[in-house]
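Note sheet for the following structure.
The values are calculated or read from the model by the stated rules, or taken from the named source; none is laboratory data. This is a predicted model, so every value here is computed, not measured. Using ideal geometry, Cβ is built from the backbone for each residue, glycine included, and neighbour counts are taken over all protein chains shown.
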């Protein structure tokens, strides 16, 4: 029996078979939610996306997520064609049509649109952009802390594929995830170009050593909003926090480790490359940070 878990583990919810999805100006059934095989996102991974979580009727850190989406689009010279407020309206229309108030996760996707011929040059995308919003009933559930395995796939330089972009081109991360699975782990721990610990295939990574919280320098990691919120709550609550280079040796000998992401917030790590982290359970510092993080969401939602 497969007992693997992921940082995006969620309860099965039959309602998701009947959700309504926004596709290019229309809200349609799941079966009708399709894009062309000539769409640049399908054909080449040419697009950007954003993930958001709904708490008690409000999207957590909404403006920062929308800003990040538009910044990523500008970085790849993709004109979204609507304003930030209009994008928020797309998201809210989709949520309201589905009657969702809590425990929902959204995926906003923007591609360069439909191409006239199946080749990569951006000028061939004559119709677009394509905009899709999926909002699912999604309650995180984690049966146990996750196991990580270090993989050969690295977080690279901005001039190759900038890891700060939520791009549709995720093959590097998918290959990392496959390598971790082959090693018997749940997710992949990825290093940077210098061999320092960086992120997992899907989330940012933190360790706790002697009461100090460490994460990467941020030079090569994903531009995580949850990562930044964890940094903020640590600094505001006098929890020593350092953005620094650290090695696998440091990570193996940590008392705690956890991942951060919009979906799972703070996900505890049980082991790395077969080395038990602490006692393999969720640590007290991780629990404290999780409490502070959700307090911040509550404050933000008032």
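If only one of 88, 27, 80 is surrounded by 15 or more Cβ atoms within 10 Å (Cβ to Cβ), within 15 Å of residue 128 (Cβ to Cβ) and touching a helix residue (DSSP H, G or I) at 6+ places or on another chain (Cβ under 7 Å), which one is it?
Result: 80 is the single residue among 88, 27, 80 that is surrounded by 15 or more Cβ atoms within 10 Å (Cβ to Cβ), within 15 Å of residue 128 (Cβ to Cβ) and touching a helix residue (DSSP H, G or I) at 6+ places or on another chain (Cβ under 7 Å).
Determine whether residue 183 is in contact with a strand residue (DSSP E or B) (Cβ under 7 Å, 6 or more places away or on another chain), over 20 Å from residue 291 (Cβ atoms) and surrounded by 23 or more Cβ atoms within 10 Å (Cβ to Cβ). If you could, list the steps in order and put the result at the bottom.
Numbers: in contact with a strand residue (DSSP E or B) (Cβ under 7 Å, 6 or more places away or on another chain): yes; over 20 Å from residue 291 (Cβ atoms): yes; surrounded by 23 or more Cβ atoms within 10 Å (Cβ to Cβ): no.
Spelling it out, it is not the case that residue 183 is in contact with a strand residue (DSSP E or B) (Cβ under 7 Å, 6 or more places away or on another chain), over 20 Å from residue 291 (Cβ atoms) and surrounded by 23 or more Cβ atoms within 10 Å (Cβ to Cβ).
Could you say whether any residue in segment 270-286 is crowded, with 21+ Cβ neighbours inside 10 Å, modelled with pLDDT under 95, on the phi < 0 side of the Ramachandran plot and part of a loop (DSSP other than H, G, I, E, B)?
No, the conditions are met nowhere in segment 270-286.
Hey, could you check segment 109-155 for residues that are in contact with a helix residue (DSSP H, G or I) (Cβ under 6 Å, 6 or more places away or on another chain) and under 23 Å from residue 12 (Cβ atoms) and say which is surrounded by the most Cβ atoms within 10 Å (Cβ to Cβ)?
Here the answer is 135.
Look through segment 10-24, keep the residues that are closer than 11 Å to residue 132 by Cα and out of contact with any helix residue (DSSP H, G or I) (no Cβ under 6 Å at 6 or more places or on another chain), and return whichever of them is surrounded by the most Cβ atoms within 10 Å (Cβ to Cβ).
21
Any residue at all in segment 85-94 that is assigned to a loop (DSSP other than H, G, I, E, B) and either touching a strand residue (DSSP E or B) at 6+ places or on another chain (Cβ under 7 Å) or farther than 20 Å from residue 46 by Cα (or both)?
Checked against the condition, which is being assigned to a loop (DSSP other than H, G, I, E, B) and either touching a strand residue (DSSP E or B) at 6+ places or on another chain (Cβ under 7 Å) or farther than 20 Å from residue 46 by Cα (or both), segment 85-94 yields no hits at all.
Could you check how many residues of segment 200-250 are under 24 Å from residue 295 (Cβ atoms) and assigned to a helix (DSSP H, G or I)?
12
Determine if segment 9-21 includes at least one residue that is touching a strand residue (DSSP E or B) at 6+ places or on another chain (Cβ under 6 Å) and assigned to a helix (DSSP H, G or I).
Yes, there is a match, as at least one residue in segment 9-21 is touching a strand residue (DSSP E or B) at 6+ places or on another chain (Cβ under 6 Å) and assigned to a helix (DSSP H, G or I).
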